[in-house]
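Only one structure is covered here, and it is reproduced in the block below.
The values are calculated or read from the model by the stated rules, or taken from the named source; none is laboratory data. These figures come from a predicted structure and were not determined experimentally. Don't worry about glycine lacking a Cβ; one is built from the backbone with ideal geometry, like all the others, and counts go over all protein chains shown. Keep in mind that these areas ignore ligands, DNA and RNA; they rest on the heavy atoms of the full protein, side chains included. Shrake-Rupley method; radii C 1.70, N 1.55, O 1.52, S 1.80 Å.
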Amino acid sequence: MNINEIRAQFPTLHREVNGKPLVYFDNGATSQKPQSVIDRITQYYTDENANIHRGVHTLSQEATSNYESARKTIQDYIGASSEVEIIFTKGTTDSINLVAHSFGELMQAGDEVVISAMEHHSNIVPWQMLCEKKDCKLKILPMNEQGELLLDELDQLLTDRTKLVAVTHISNSLGTINDVDEIIRKAHNVGAKVLIDGAQSVQHLDVDVGKLDCDFYAFSGHKLFGPTGVGILYGKRELLEQMPPYQGGGDMIKEVTLEKTTYNTLPHKFEAGTPNIAGGIGLGAAFEFLSKLDMSALVEHEQDLLDYATEQLEKIDGLKIYGTAKTKTSVVSFLIEGTHPYDVGTLLDKLGIAVRTGHHCTQPVMQFYNIPGTIRASFAFYNTREEIDRMIAALDRIIPMLKD
Amino acid sequence: MDTITEKEEAIIDEFSIYDDWMDKYEYIIELGKDLPLIDDDQKTEDKLIKGCQSRVWLSAEKRDGKMKYTADSDAIITKGIIALLIRVLNNEKPEDIAKAELRFIKAIGLQEHLSPTRSNGLVSMVKQMKMNALKQVS
Ligand SMILES: Cc1ncc(COP(=O)(O)O)c(C=O)c1O
């Protein structure tokens, strides 16, 4: 596996920032895009632009067929059993809100939702809003100091009132890979449905929703080398059939009279209005790009980056890593004694190194460790050991400047 | 030229010798370290300006017709920039502060730190400093 050949396909990786070659370690926030995805979007707007699902003319037919074939590509890649189970959304946040709204409509007062202590705000707030509106109860699965969920405690949290368990596959601030198989098994034992927040997962793991047997799986295109503003909600067909629509409008209807509307079939029932056509087609191109790669070799490479970065960072005096779970993806969150993450992030940027600082939209995780935020380096398979060396050298230079 | 503008010119002059970013930041950090701190027990909620990335405390009063500011931040670069703002605005008349444009920030290449998206509390701090001064005008 030649990483340089892969890097060569990502134009942004070759620019300079503040006069230095860019080291992009903010992949947890969003990934860079390969030329094939950029070209596919350009081609759509250059040659193929038309609205879909509503024209007899050739251009519209072509656009519809390209959009629908992207859906099929994604279905095959993530192992869904039918393309009607693949709903195009704006992203993970939108997918989760869709479930909170439409699945939420099936819930009664007194029903329960379980989330974990390491969720992104996107997988907390929609459930708080739902529980408030429906008078349901929100329960929290706790974690330990290493940032691992206490799965034994799940047994106590699950009751016959538990309707949904919503947990992240991979923590964006700690890097923990959760044992979602076990969570899904336990939840199904009490008849609860399971939503997995896969925002950080499809780009790092071989995800097969069929094998997982989860009921919903949500992710964003922009974190897996696709465009922004498009994402996916996978849902089991029979469940999606039972759920009422999310938004009303064009495309999601079968027949509208001024008195009453009958709804379209899946997946269109959940796709009101003109969708992000270029985004969907671009996302399809991102999955085609992914399917040409040797994912297992790349996962190994990412693990090597994680191990190497962890080992090098731990040599730095006063540096503490947050998130030391046994199974982790290539994310390292850390703090350096006597320095503020804002200062470290600002100076790293001046040296061309992009990391994220702050709470990473997981304030409860920061509250758990009683810290204001962390510095987070999150790697993709196009990153290299040499780039980690540059970050370490930069830290060696910065830390003495910041300490008294 | 009023004294605020003079002080701004002096800062622009000082910064003109740095062509390397790191040297410039080294200097800002030193300024941050020199800034008189607000005692921890004085860092009360009412003085706190919340930013998402770093926090700022600001205290202001008027003595002998001039504004007196002290401030602090948990981030040292933010604190260094505060030191510059205080140097320019301290001991000035409220009416001059209220209309100060603070062009030096851009001139020395630090405007990114005063961008609202940076959420480090600095934009709100400048606003607050001017509000404090304005209250004293009338
Ligand atoms: C774990 C997790 N969940 C949800 C989200 C929200 O994704 P988006 O902002 O693309 O909707 C993110 C992205 O930051 C994430 O990391």
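Please give the average number of partner chain Cβ atoms lying within 10 Å of the Cβ of each residue in B:20-27, rounded to a whole number.
Working: counts 2, 7, 8, 0, 1, 7, 2, 0.
Mean inter-chain Cβ contacts per residue within 10 Å come to 3.
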| remark: In degrees rounded to 10, the 0-90 angle between helix A:58-78 Cα long axis and the longest Cα principal axis of chain A is 60
| request: Find which of A:113, A:144, A:128 sits farthest along the positive direction of the dipole of segment A:101-162, computed with +1 on the beta-carbon of Lys and Arg, -1 on that of Asp and Glu, about the Cα centre. | output: A:128
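Can you tell me the dipole magnitude for chain B around its Cα centre, using point charges on the Cβ only (Lys, Arg +1; Asp, Glu -1), in Debye to the nearest 20?
On the way: 21 positive and 26 negative charges, 141 e Å.
That gives chain B a dipole magnitude of about 680 debye.
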| note | Residues whose built amide H sits under 5 Å from the amide H of residue A:164, excluding neighbours closer than 5 in sequence, are A:112, A:114, A:193
| Taking amide hydrogens as modeled 1.01 Å from N in the peptide plane, which residues meet the under 5 Å criterion relative to residue A:322, leaving out close sequence neighbours? | A:333, A:334, A:335
| remark: Which of A:236, A:315, A:33 fluctuates most in a GNM of chain A (C-alpha springs under 10 Å)? That residue is A:315
| Under the Karplus curve 6.51 cos²θ - 1.76 cosθ + 1.60, θ = phi - 60°, whole-Hz ³J(HN,Hα) for segment A:87-103, x wherever Gly or Pro sits | 9, 6, 10, 7, x, 4, 4, 5, 4, 5, 5, 4, 5, 4, 6, 7, 5
| Where B:64, B:39 fall by accessible area, highest first, once all protein chains stay in place (1.4 Å) | B:64, B:39
| said: Report the Rg/Rh value for segment A:1-69, based on alpha-carbon coordinates and the Kirkwood definition of Rh. | reply: 1.17
| query | Other chains' Cβ within 10 Å of B:75-81 residues: what's the mean? | reply | 5
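What dipole magnitude, in Debye to the nearest 20, does the protein assembly as shown give about its Cα centre under +1 on Lys/Arg Cβ and -1 on Asp/Glu Cβ? Show your work: numbers first, answer last.
Working: 58 positive and 81 negative charges, 256 e Å.
Around 1240 debye, computed over the protein assembly as shown.
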| message | Taking the Cα centre as origin and putting +1 on Lys and Arg beta-carbons and -1 on Asp and Glu beta-carbons, what dipole magnitude results for segment A:37-291, to the nearest 20 debye? | response | 540
| query | Quick one: how many Å² of residue A:213 are accessible to a 1.4 Å probe, rounded to 10? | reply | 70
| Quick one: how many Å² of residue A:339 are accessible to a 1.4 Å probe, rounded to 10? | 30
| query | Do any of A:193/A:223; A:292/A:315; B:24/B:99; A:320/B:24; B:33/B:93; A:33/A:328 go past 30 Å between their Cα atoms, and which? | reply | A:292/A:315
| message | If you count only protein heavy atoms with a 1.4 Å probe, what accessible area per residue comes out for segment A:328-404, rounded to a whole Å²? | response | 31
| remark: Of the candidates B:104, B:84, B:69, the farthest towards the positive dipole end of segment B:4-136 (Lys/Arg Cβ +1, Asp/Glu Cβ -1, centred on the Cα centre) is B:69
| Which value in nm describes the separation of the simple spin-label points at residue B:3 and residue A:262, placed 7 Å from the Cα toward the beta carbon? | 8.2
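Obtain the radius of gyration and the Kirkwood radius of segment A:265-404 from its C-alpha atoms and give Rg over Rh.
Ratio of gyration radius to Kirkwood radius for segment A:265-404: 1.08.
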| What is the local net charge at residue A:73, summed over the other residues whose Cβ is closer than 11 Å to its Cβ (Lys, Arg +1; Asp, Glu -1)? | -2
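Using a 1.4 Å probe on protein heavy atoms only, how many Å² of accessible area do A and B hide from each other, summed over both chains and rounded to 100? Display every interim value, and only then the final one.
Values: alone 17000 and 7860 Å², together 23250 Å².
Result for this pair: about 1600 Å² buried.
What does the charge count around residue A:388 come to, taking other residues whose C-beta lies under 11 Å from its C-beta (Lys +1, Arg +1, Asp -1, Glu -1)? Walk me through the intermediate numbers first.
Working: positive: A:385, A:390; negative: A:304, A:307, A:311, A:386, A:387, A:389.
Taking every Cβ under 11 Å from that of residue A:388, the sum is -4.
For peptide A:137-144, compute the average count of partner chain beta-carbon atoms within 10 Å of each residue's beta-carbon.
Details: counts 0, 0, 0, 0, 0, 0, 0, 0.
Partner Cβ neighbours, averaged per residue: 0.
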| query | Once the Cβ-Cβ distance between residue A:161 and residue A:206 is put in as r, and R0 is 45 Å, what FRET efficiency do you end up with, to the nearest 0.05? | reply | 0.85
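Would you calculate, for chain B, the mean residue ellipticity at 222 nm contributed by helices, counting each DSSP H stretch of 4 or more residues as -39,500 (n - 2.57) and dividing by all residues, to the nearest 500? Don't skip to the answer; put the middle values down first.
Numbers: 6 runs with 66 residues, N = 138.
Computed mean residue ellipticity for chain B: -14500 deg cm²/dmol.
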| Calculated Rg and Dmax of chain B using C-alpha coordinates, Å | 14.3, 44
| request: Exposed loop GluC sites (Glu not before Pro) only (DSSP loop, at most 15 other Cβ atoms within 10 Å): please give the longest stretch of chain A free of them, not including the sites. | output: A:1-144
| query | What list of ³J(HN,Hα) couplings, whole Hz, do you get for segment A:374-391 from phi and the Karplus terms 6.51, -1.76, 1.60, once you set θ to phi - 60° and write x for glycine and proline? | reply | 9, 9, 10, 9, 10, 9, 10, 5, 7, 7, 9, 4, 4, 5, 5, 4, 5, 5
| remark: Two pseudo-spin positions, 7 Å from Cα along C-beta at residue A:125 and at residue A:299, lie apart in nanometres by 3.3
| message | What distance in nm separates the two pseudo spin-label positions at residue A:182 and residue A:146, each 7 Å out from Cα along the beta-carbon direction? | response | 1.0
| remark: Quick calc, residue B:63 & residue B:99: beta-carbon distance into FRET formula, R0 25 Å, rounding 0.05, result 0.75
| query | Residue by residue, what Karplus-based ³J(HN,Hα) values in Hz, rounded to whole numbers, does segment B:63-77 have, using 6.51, -1.76 and 1.60 with θ = phi - 60° and x for Gly and Pro? | reply | 10, 6, x, 10, 7, 10, 10, 10, 7, 7, 8, 7, 9, 6, 5
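So what is the calculated 222 nm ellipticity per residue for chain A, using -39500 (n - 2.57) for each DSSP H run with n of 4 or more, over all residues, to the nearest 500 deg cm²/dmol? Could you put the intermediate results ahead of the total?
On the way: 14 runs with 150 residues, N = 404.
After summing the helix terms and dividing by the residues of chain A, the value is -11000 deg cm²/dmol.
Of all accessible surface on segment A:110-254 at a 1.4 Å probe, what whole percent is carbon and sulfur?
Numbers: 2430 of 5220 Å².
Carbon and sulfur atoms account for 47 percent of the accessible area of segment A:110-254.
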| Candidates per trypsin sites (Lys or Arg not before Pro) in segment B:25-92, loop by DSSP, up to 14 other Cβ within 10 Å | B:50
